[in-house]
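To start, the structure itself, in structure tokens.
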Ligand SMILES: Nc1ncnc2c1ncn2[C@@H]1O[C@H](COP(=O)(O)OP(=O)(O)OP(=O)(O)O)[C@@H](O)[C@H]1O
Ligand SMILES: [Mg+2]
């Protein structure tokens, strides 16, 4: 035993040495294929981030230039203290952002959990129900905000759906947003002597924004929770059923503790997103829902205070990190670490190689004692059994006595009621997700040249003229949707392809190779996701401007191609994780077989791995395409001229364009036609490939 | 503690997967009943129905005199062991074992006492603080058993509990489960697809195929007097040899060979629906020699597998009829060698070609007890 133990480490060292030398070429290959990702990271994230931090410490502005004229802490001072107008705004908007983020995420979490639990059951049409969840996700946030703002929540005078329904029941109209939106409560002033802007209260507009965000993101959230639910094997529920657990006990004692870490990750992602809120609130043009991101954008575009803008972005990032840490702490499995330590201890005991003979002797004694104890126990076994028998005699088997016909009737009734409730819940879920989209399509076919005089469930004057306006004339008003569609297609398509190339290389490196700093690479990719786009977009602008000052040819501002790099940087993490999980599923043996057949590392990748991962690549492309197609913030800052609008930008522009109000057609209806054109193709694609997309989303999230 | 009775149980999964068909089964109090059958025949479904995890489409389930057909699992007072063990990964062994008792809000001292006792019986007292992932397969198995014992249920239900263990551990646990059941005297329904497990553990075996019960009987009954060709082929390893033959007067003809029939065999086999019959004999009920002996057929040897205690020989005779034989100890032969084989008629069976029923032993589906 003693000798044998001593030999082990030597063997290990030898093995490791062998591994190191034989893996060398592979490590080189892995590092090589990581290069594109590293470049994307440096120029898409790192340099802009450094610039962002830099200018947050300068008086950078439209007057003093991008890099400002002096280094100063004034930006932070101005925002963090309550004195000036900017500081008070900052506190106010931070408060609003937090109010929005926390309430929205809590609601989404509750609702998403219910959706996920419903969808985790086996029932006819589950695929269809799951597919409807993808509809809100596929719509640009700006489009969904538009639907709600102009169709569902609008006042009775504009035939808003909710208010019309309220009217049917003879109820009073509700102002969901705008100047007369119901004031719900004043903000508590937590800096007593210098309150925030006192005339802003939390009003119904905020609730409307939260509702829009809940509608838009709950479905996606529930898919993530659904993925987390897959870690609980069916048998556990059966075992719990038999142990006598009711539905709530099954959830609280088994499901929740097991899904907590997975849900925690989903929560972190959602919280990051919610704090960065922009698209859902910008459309209301209302100070009571302004977010931190909006404030930063205003600093940038209205008052040209670049330093301040960057400072807001950085403070927002810090806030995000605080929340991420908080949520992770709250949802981590506390006992997980403990048991790991225990295992470590055990391992240590097993691996004791430098024991002295006396120690070995002691160990032997201990085991002897253990064996003795065991024997004692087994002798006492018969006694134990007798005692169990005794207990048995006392506890009379309950079932034999207590069954009455009424009890059975009760169970039957309960089962029926449960079934009915289940069906109702599923149907409401599907309606919740699909109805707004169906509504857009219905409304898009209403003739916009005939003024509406009453609420119409189905269009009274169906026609295609709305589409004609959108695709034809409307460029008279500064927005060309056909142009925007083309732009979106070019931008999203290019981004998709670039992300696929970079992401598949990176994903492959992470899936199949070991290389130095691999964990660091994963971590870096991960932090890319948590960065608010805002923190990058302005410095990126400055970066490109500065470079093009030297090489004019590279001036990509207000150019679609200029957005490909940051879009790639922001979509790379998801793509990498999704593709990695697809690559990991490819059996190791196949890879070995190709190796034996004499294929080089790159040949293996291009000839064996990639063809097999085509479903994964395709899914990934759709995910990235949709994300890029729907992005607003970057596009708004970057693409200033009309002919470079993307679809969400065009929708926003259309909504905000005062010229369109003078048109002889109904703006709302044309807007619906525009939204329909820009979303129907996406939704159709998403519904067709729903299975792969759900798999892609969930595998990426669970691994990430 | 209780007898279990299934009456005309049918289970149809939507849309029209008819899994259990008119199942009638009586499981005695304190009995060790093994459900065995090929994969997908409905064993787990049957167990789930007894547990209440699935509801019957039609039929009745009785525990003793109580009709439990509509009751949910928790009202049936039973315990179940799953193939995957279904241990809760986030609870330690103690919590796993006491889960049901804690749900029932039993007194903590009583819970601890029961857990300790069960742990002692199963030799896992020093594992109580561990999480399932820190246990070996065999230990997990014991914890799963322990979780059943502490409940003091009226029925144990085991669904292939040993199929994840290696061969050695499996035979050891087999012994322990038998002992446990005999000591606790709890009715046990045990599902397996392994006929060796069934034979070695059961008081009685129920053989299922395609949703129908094929036979219910003690191990020796199902081995010696299989009710039909399926049971005959399913029980015993290597499986029984089946040879198609034609009845010709008082003889059976297979190929060029003629087998004389005794009075009883002649009489019983004449009830067949046609002239064509299936003759069945077990490999272990054969005598094989290299020299001719009385009543022996000449055969050609195909494969010889020496297993230590015995040799399994597959051979061909009368043109393309292949079969197997077992010879005790070592039997030396090469492929293509000639040998002589005989099988005593008393231990052979004759099956009807159409109904597949055993004509020699007419056994009821289930003896009314
Ligand atoms: N929930 C269900 N819905 C539809 N069909 C099912 C369902 N559960 C089981 N089945 C079908 O019923 C049949 C019997 O399944 P069961 O699990 O009882 O088989 P089994 O005998 O336990 O098989 P195995 O030995 O492989 O575990 C199978 O064909 C299976 O496909
Ligand atoms: Mg089964």
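The values are calculated or read from the model by the stated rules, or taken from the named source; none is laboratory data. These numbers were taken from a predicted model, which means no experiment stands behind them. Neighbour counts run over all protein chains shown; Cβ positions are idealised from the backbone, glycine included.
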ask   = What do you reckon, is residue B:96 out of contact with any strand residue (DSSP E or B) (no Cβ under 8 Å at 6 or more places or on another chain) and either part of a strand (DSSP E or B) or within 24 Å of residue B:182 (Cβ to Cβ) (or both)?
value = no
Odd one out for residue B:55, checked against (1) in a helix (DSSP H, G or I); (2) away from ligand 2 (no atom under 16 Å from the Cβ) = (1)
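Taking residue A:680, is it at pLDDT 80 or above and surrounded by fewer than 18 Cβ atoms within 10 Å (Cβ to Cβ)? Let's see the steps before the verdict.
Numbers: at pLDDT 80 or above: yes; surrounded by fewer than 18 Cβ atoms within 10 Å (Cβ to Cβ): yes.
Yes.
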message = Given (1) closer than 29 Å to residue B:18 by Cα; (2) surrounded by fewer than 17 Cβ atoms within 10 Å (Cβ to Cβ); (3) away from ligand 1 (no atom under 16 Å from the Cβ), identify the lone condition not met by residue B:210.
response = (3)
ask   = Taking residue B:143, is it in contact with a helix residue (DSSP H, G or I) (Cβ under 7 Å, 6 or more places away or on another chain), within 14 Å of another protein chain (Cβ to nearest Cβ) and more than 30 Å from residue B:66 (Cβ to Cβ)?
value = yes
task = Report the residue count in segment B:76-91 for those that are assigned to a loop (DSSP other than H, G, I, E, B), more than 7 Å from every other protein chain (Cβ to nearest Cβ) and either within 13 Å of ligand 2 (Cβ to nearest atom) or in contact with a strand residue (DSSP E or B) (Cβ under 9 Å, 6 or more places away or on another chain) (or both).
result = 1
message = Tell me whether segment B:58-66 contains one or more residues that are at the interface with chain A (Cβ under 7 Å from one of its Cβ atoms) and modelled with pLDDT of 90 or more.
response = yes
remark   = Taking segment B:20-54 and keeping only residues that are within 12 Å of chain A (Cβ to nearest Cβ) and either within 15 Å of ligand 1 (Cβ to nearest atom) or touching a helix residue (DSSP H, G or I) at 6+ places or on another chain (Cβ under 6 Å) (or both), one is left with B:44, B:47, B:48, B:50, B:51, B:52, B:53, B:54
ask   = So, in segment B:172-191, of the ones that are closer than 22 Å to residue B:2 by Cα and within 16 Å of the chain's Cα centre (by Cα), which residue ends up farthest from ligand 1 (Cβ to nearest atom)?
value = B:178
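For segment B:6-45, give me each residue that is part of a strand (DSSP E or B) and surrounded by fewer than 18 Cβ atoms within 10 Å (Cβ to Cβ). Outline the logic, then answer.
The first filter runs over segment B:6-45 and keeps only residues part of a strand (DSSP E or B), leaving B:6-13, B:17-27, B:32-36.
Selection gives B:7, B:8, B:10, B:12, B:13, B:17, B:18, B:21, B:22, B:24.
Residues that are assigned by TED's automatic domain parsing to the domain that holds residue B:23 and within 15 Å of ligand 2 (Cβ to nearest atom), at least 2 per element: which strands (runs of 3 or more DSSP E) completely within segment B:138-224 meet that? Quick ask: steps written out before the conclusion?
Working: elements: B:155-159, B:187-192, B:204-209, B:212-217.
Hits in segment B:138-224: B:155-159, B:187-192, B:204-209.
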task = Name the residue, out of A:242, A:254, A:259, that is in a helix (DSSP H, G or I), in contact with a strand residue (DSSP E or B) (Cβ under 7 Å, 6 or more places away or on another chain), within 14 Å of chain B (Cβ to nearest Cβ) and buried (at least 17 other Cβ atoms within 10 Å of the Cβ).
result = A:242
